[in-house]
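Asks: The structure under discussion is supplied below as structure tokens; questions concerning it will follow.
The values are calculated or read from the model by the stated rules, or taken from the named source; none is laboratory data. From a predicted model like this one, the values you see are computed outputs, not experimental measurements. Backbone-built Cβ (ideal geometry, glycine too); neighbour counts: all protein chains shown. For accessibility, only protein heavy atoms count, side chains too; no ligands or nucleic acids. Shrake-Rupley method; radii C 1.70, N 1.55, O 1.52, S 1.80 Å.
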Amino acid sequence: MRNLILASSLVLALSACLPEGFTVSSSHASDTVSAPAAPLSPGRYGLPDFGDLVEKVGPAVVNISVVTQTNAPMAEGNPFADDPFYDFLRRFGVPLPGMPGQPGAGPRISRGIGSGFIVSPDGYVLTNAHVVGEGDSDVTVRLTDKREFKAKVVGTDRRTDIALLKIDATGLPTVKIGDPEHARVGEWVMAVGSPFGFDNTVTAGIISAKARRLPDENYVPFIQTDVAINPGNSGGPLFNLAGEVIGINSQIYSRSGGFMGISFAIPIDVAMNVKDQLVKFGRVQRGKLGVTIQAVSGELAESFGLDKPKGALVSSVEPGSAAEKAGIRPGDVVLAVDGVEVADSADLPRLIGEKRPGSKVRLQLWRDGRSREVSAVLGEMGGETLAATESTGSENTGGRLGLAARALTPKEADQLGIAGGLAVEQVNGPAARAGLRPGDIILALNNQPVRTVDEFRKLVAAAGNRFALLIQRGDARLFVPVRIG
């Protein structure tokens with residue numbers, strides 16, 4: 001009798017929770033839920049069946065494995081490094097594991113996994129830059145039919161975390177590119193990838209938010225989802241129900257390193273723009289306005305006479321920049337770029353970065369309590385990692401110089417007393433092994449003067465595996481031999 005009472009109570013409780021038109025019926029064997037006679041709309045009450053979608057898009061999703069050799073510092077990667085006596089003994093010259101000439105010293109091999117997807121039948125593959133890593137990496141792409149290919153890193157863009165790979169194959173299955181602008185918060189999406197190395201794992205969820213801004217991420221309006229994303233999913237595609245890629249799974253919000261219900265994807269239009277530039281130019285070119293900005297708070301908006309907090313407040317202007325030439329001043333608030341509203345200060349770097357260097361833009365400013373418009377011809381954002389160069393005569397098809405550099409401004413060149421050159425900002429891989437350092441100025445390659453990044457890339461491509469760089473370091477000049485591969 002008690003069980004019967006509990007069952008009846010459960011039936012009444014379920015009835016109260018169901019949508020209008022549903023009924024709950026009870027039988028001796030089990031309790032069942034019956035739907036009205038009219039067919040349900042899958043978008044309202046039913047759940048989507050992802051089976052056909054997986055069969056359609058799965059072959060274009062790939063597994064990526066990366067092997068990187070690094071020269072670790074003396075104590076890095078050493079199991080004794082955290083011992084409190086290790087540093088004490090090292091200072092007195094006691095031979096210890098991990099020190100030069102001792103066990104544990106020398107190159108260190110690191111391995112990583114990730115995901116990617118094929119965007120052209122001739123073998124172009126998109127993934128995350130952090131999957132490929134830095135320095136000399138051996139990248140392998142494995143298809144669903146178990147074929148494996150050594151991949152060339154065409155180029156990477158750290159600002160958007162996008163990498164473009166190329167494998168030597170034709171007639172490959174490809175994904176269909178969608179439009180993330182048309183994606184709606186709350187709609188179903190599906191991810192395919194290799195979490196923890198489990199190939200072709202499918203997870204699904206909904207879009208939780210759009211245009212998310214993350215700390216130190218000024219160029220990507222992330223798509224936030226609740227799709228389960230874990231290590232190894234990075235670089236994999238995010239599909240809508242039409243089978244179109246709308247994003248690249250890139251980051252998770254987690255305190256444990258695993259999925260906790262919040263994941264972020266790079267909109268596919270951002271990634272395809274990077275891909276097109278890497279193919280055409282070998283690097284990503286971004287416009288530069290030359291201002292330092294800050295957010296407009298409620299108090300600042302009131303003090304400037306704005307009706308609400310919006311735009312990007314200019315706090316400083318770089319001398320000789322596009323902003324200075326356009327007459328922009330500290331205290332101006334940038335409200336729009338070419339008619340596109342700057343709703344938040346984080347919008348401005350993205351809107352300017354999407355423009356090509358040398359392009360003319362219209363800026364709507366707020367100054368002295370009223371709106372005005374100025375035009376600016378953009379400069380070029382520096383410091384991008386150079387794209388991969390082909391290693392002629394070497395088996396390492398993913399070889400690259402591993403150098404982030406920018407062209408000197410005329411003012412910097414005058415101050416140094418030189419005609420021009422490239423300022424080194426970051427080094428890794430062959431450049432680091434050759435002894436190049438941030439702050440070095442590259443003057444020539446094999447006695448050929450270098451003035452721009454494009455000139456330098458062409459000279460590197462023509463030089464083969466070995467060449468000499470003339471650099472200026474402080475007040476001294478020296479030749480540095482470089483070997484790629």
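Asks: Given (1) more than 26 Å from N273 (Cβ to Cβ); (2) touching a strand residue (DSSP E or B) at 6+ places or on another chain (Cβ under 8 Å); (3) surrounded by 13 or more Cβ atoms within 10 Å (Cβ to Cβ), where does P330 come up short, assuming only one miss?
Replies: Single failed check for P330: (3).
Asks: Can you find a residue that is free of Cβ contacts under 8 Å to residues at least 40 places away in the same chain and in a loop (DSSP other than H, G, I, E, B) anywhere in the stretch 273-288?
Replies: Looking through the stretch 273-288, none of the residues is free of Cβ contacts under 8 Å to residues at least 40 places away in the same chain and in a loop (DSSP other than H, G, I, E, B).
Asks: What pairs come out if I take residues in the stretch 223-250 that are without any contact (Cβ under 8 Å) to a residue 40 or more places away in the chain and pair them with residues that are open to solvent by less than 10 Å² (accessible area, probe 1.4 Å) and assigned to a loop (DSSP other than H, G, I, E, B) whose C-beta lies under 9 Å away, six or more apart or interchain?
Replies: V227/N233; I229/G236
Asks: When you go through (1) open to solvent by 30 Å² or more (accessible area, probe 1.4 Å); (2) at pLDDT 90 or above one by one for V141, which number turns out not to apply?
Replies: (1)
Asks: Separate question: Identify the residue in the stretch 408-431 that is over 21 Å from G320 (Cα atoms), crowded, with 20+ Cβ neighbours inside 10 Å and not small (G, A, S) and, among all such residues, is modelled with the lowest pLDDT.
Replies: Looking at residues that are over 21 Å from G320 (Cα atoms), crowded, with 20+ Cβ neighbours inside 10 Å and not small (G, A, S), I get V427.
Asks: Filter the stretch 356-384 for residues that are open to solvent by 60 Å² or more (accessible area, probe 1.4 Å) and among the charged types (D, E, K, R); which is nearest to L289 (Cα to Cα)?
Replies: E380
Asks: Look through the stretch 332-354, keep the residues that are assigned to a loop (DSSP other than H, G, I, E, B) and modelled with pLDDT of 90 or more, and return whichever of them is nearest to F222 (Cα to Cα).
Replies: V342
Asks: Just a yes or no: is a residue in the stretch 304-324 basic (K, R), surrounded by fewer than 21 Cβ atoms within 10 Å (Cβ to Cβ) and touching a residue at least 12 places away in the same chain (Cβ under 8 Å)?
Replies: Within the stretch 304-324, one or more residues are basic (K, R), surrounded by fewer than 21 Cβ atoms within 10 Å (Cβ to Cβ) and touching a residue at least 12 places away in the same chain (Cβ under 8 Å).
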